[in-house]
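Student: Mind looking over this structure? Questions follow.
The values are calculated or read from the model by the stated rules, or taken from the named source; none is laboratory data. Quantities reported herein were computed from a predicted structural model and do not represent experimental measurements. Cβ placement follows ideal geometry from the backbone for every residue including glycine, while neighbour counts extend to all protein chains displayed. Accessible surface is based on the protein model in full, side chains and every heavy atom, while ligands, DNA and RNA are left aside. Shrake-Rupley method; radii C 1.70, N 1.55, O 1.52, S 1.80 Å.
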Amino acid sequence: MPEIPFEVFEPAMPEAMRALMTEARANRGPLVWLLHERTRASGGNCQAMLRGNPPLPTEIVGWAAGLSMFDANPRFTVDIIRSDTVRAPVPFVLEALGVGIGAGIEVSVNLWKCLEPLLRMSPQVPDALMRAMPVGLMSSSSITRAAALGVVRRDPKRATPIIESARLKKLTPTNAKRLDEALATLGPEKPTTAPENDPLLSKLLDAWAATFDPQLEAPINAAGAKEAAKRGPLKAPSKAELEQAWLALAAKKDPGDLDRLLGAPWPGAWKLALRRVEALGPFPPDPRFAQLTRHTARYTSWAGRAVGQAVSRVTTKHFQPKRGDAPPELLNESSSVTSHVADLDGLWKAFWEQPLDEGRRVVLADALQNASDPRGEFITLQMAIDEGRADAAAEKRANALLKSHIDSWAGSLPGAELASREFRRGFLSAITIRPDRDHLPKALERNEWRTVERLGINYLSIYAPTVGKLLERMPCIRVLTLNRDFMGSELEGLAPSGPFKTVKFIAAGNWIPLRRLEAFPSLEGVCAWAKDPRVALQAARRGGLNTLMLRSNKEVTEALQAWEKVSAVKELRLAPDMSSDTNPRGWLVRVTHDDEKSADLFLSGRSAGDFANFVKILAARDRTALRVHCPASLKPKLEKEAPDAELTFDHRPFDVFTL
């Protein structure tokens, strides 16, 4: 980092601080370390100073600590202040930071992230820091903008004229827009604009706090969902800004917003989730807090257990033994919002009993749309996409709905890798999990498992019995993907819960079964990495497999030649060697012995450059009728790359395992 230009700070420094800086330049006094990059960056002198060695006035300590944060690790300084409960210098630390930011000194993202913990230890925002916030609000970094927004939200009355003054200057269109967005977020404080709670919801919650009668749960859930639909989902341009907006909304403690808070996407980091749980603590008793465990079950790491412990503390007051009966007249009044809920409950129950019944899926989607539930629209859109009846606008709308609601629709299944979640025909269809002893056994009855078609499992081994019980409850499961270190013997742990008749495909490193597996009587194929395609094909033949998906670093031509000599393996799928991923993506070539003149090519946008090469290789094997499965946007490019090929296109979504 460039040397700190201390001269830009001096006009704003306290007089005593300027005097000590003058001494330091003469190589005298307690702040000599501050002028030398090596000692400043080490943090040791700052730590000693904050702990009173040498004893200095509070404002000197704060200013020196703030100046050091521009060069040293700013988090180190914050951690010292927290651990030693040194609070008095914090306003002066923030003042120094504000002067530097306002003067245009280069500031790291880590320093911006330190503002929030420091402000929690300060009674107010110093003027210098508030005046510097337009710099952060115009930053290209969403983290920096979110940190600056968090500062100005602490005192909108002071911040608004500062931002408005900055807005009057000559700015780029992007910076002007960012300041306008900040002003819109702060907004005028008009009580009339605050949303009014549904009177019925308020009465139901009052009755819940007085009686804790279970009969009130369904009416409260229905009234809360209705209020959330009226107010709309919580949105923000970035994850960092969403976090700030979420915390600001939670601080209002408005029961009408609880469904919006619980329905918003939850962060992947357990520390952010813990902060959210703690922010919900002041809310009055409310049975909707049962939904909180759905979000927090994902934080299964050792450190992440703190989230579950916080949930237990927060929810204790929301669920108490029944103290009395709910007023009959209130239950009668609430029947208007619960009548359709009972109907929907019946449709949901019918669907979960037979998730493969497409008729029940359609009926449920229609009923959800009639109830203004966005899940109904999403199911309908994804069914149209899957059947090739949707246009680009429908796909865009479906993706937007999924982005807003994926956490609530997928549920917080324990050990889930969030990036692995995929939806098909409106429901969770693929997910990868890391089993554990504590959380997975308690979640076996979750309905979300029942639509999963492809389950990825990391570290099966000792968890095989629990995973076997899970597979029993998954009527749609067709594919298992296991990590590369998988050993075939681990499948024996699943056997007591089998047989698993719906599983058709297993992907597991370089594993290929050498015999039929009793636990998987319907197994048709495996996906394996292989150095030598000939060895893999002979193993597949011995295992009685009809299909082999090869992930190999050998040439496609060599693999095709080897497969043509093994008639027992009726279908060959060739995928790239992706050693870090058991789920091959990007491109795939499929050929069968039953059709010697054609082939299928499956391509995504990242792999279109290989297309012409595949066409030539297949043409050399006399396979000229090619069915191309790809996004519609790729069609013109592919036709141009292979003008002489006989191509037919299919733009429906595909899964390389369940073709």
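Student: Could you tell me whether any residue of segment 443-451 is among the aliphatic types (A, V, I, L, M) and over 21 Å from the mean Cα position of the chain (by Cα)?
Tutor: Scanning segment 443-451, I find at least one residue that is among the aliphatic types (A, V, I, L, M) and over 21 Å from the mean Cα position of the chain (by Cα), so the answer is yes.
Student: Can you find a residue in segment 411-420 that is at pLDDT below 90, farther than 26 Å from residue 261 by Cα and either in contact with a strand residue (DSSP E or B) (Cβ under 7 Å, 6 or more places away or on another chain) or not in a helix (DSSP H, G or I) (or both)?
Tutor: No: segment 411-420 contains no residue that is at pLDDT below 90, farther than 26 Å from residue 261 by Cα and either in contact with a strand residue (DSSP E or B) (Cβ under 7 Å, 6 or more places away or on another chain) or not in a helix (DSSP H, G or I) (or both).
Residue-wise test of (1) over 25 Å from residue 247 (Cα atoms); (2) among the small types (Gly, Ala, Ser); (3) at pLDDT 85 or above.
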| position | (1), (2), (3) |
| --- | --- |
| 65 | yes, yes, yes |
| 81 | no, no, no |
| 88 | yes, yes, yes |
| 115 | no, no, yes |
| 120 | no, no, yes |
| 129 | no, no, yes |
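Student: Shifting gears a bit: Kindly indicate whether residue 203 is among the charged types (D, E, K, R) and at pLDDT 90 or above.
Tutor: Yes, satisfied.
Student: Just for segment 58-76: of the residues that are within 39 Å of the chain's Cα centre (by Cα) and among the polar types (S, T, N, Q), which one is surrounded by the most Cβ atoms within 10 Å (Cβ to Cβ)?
Tutor: 68
Student: Could you tell me whether segment 451-472 includes any residue that is under 27 Å from residue 358 (Cβ atoms) and among the small types (Gly, Ala, Ser)?
Tutor: yes
Student: Open to solvent by less than 10 Å² (accessible area, probe 1.4 Å) and under 24 Å from the mean Cα position of the chain (by Cα) - does that describe any residue in segment 508-526?
Tutor: Among the residues of segment 508-526, not one is open to solvent by less than 10 Å² (accessible area, probe 1.4 Å) and under 24 Å from the mean Cα position of the chain (by Cα), which makes the answer no.
Student: May I pose another question? Going residue by residue through segment 409-422, is there one that turns out to be open to solvent by 60 Å² or more (accessible area, probe 1.4 Å), under 19 Å from residue 471 (Cα atoms) and under 20 Å from the mean Cα position of the chain (by Cα)?
Tutor: Within segment 409-422, one or more residues are open to solvent by 60 Å² or more (accessible area, probe 1.4 Å), under 19 Å from residue 471 (Cα atoms) and under 20 Å from the mean Cα position of the chain (by Cα).
Student: Residue by residue through segment 345-381, note down the ones that are modelled with pLDDT of 90 or more, of a type in the set (Asp, Glu) and in a helix (DSSP H, G or I).
Tutor: The answer is 353, 358, 366, 377.
Student: What about residue 613, is it touching an Asp or Glu at 6+ places or on another chain (Cβ under 7 Å), modelled with pLDDT under 85, open to solvent by 40 Å² or more (accessible area, probe 1.4 Å) and of a type outside the set (Ser, Thr, Tyr)?
Tutor: Against the criterion (touching an Asp or Glu at 6+ places or on another chain (Cβ under 7 Å), modelled with pLDDT under 85, open to solvent by 40 Å² or more (accessible area, probe 1.4 Å) and of a type outside the set (Ser, Thr, Tyr)), residue 613 does not qualify.
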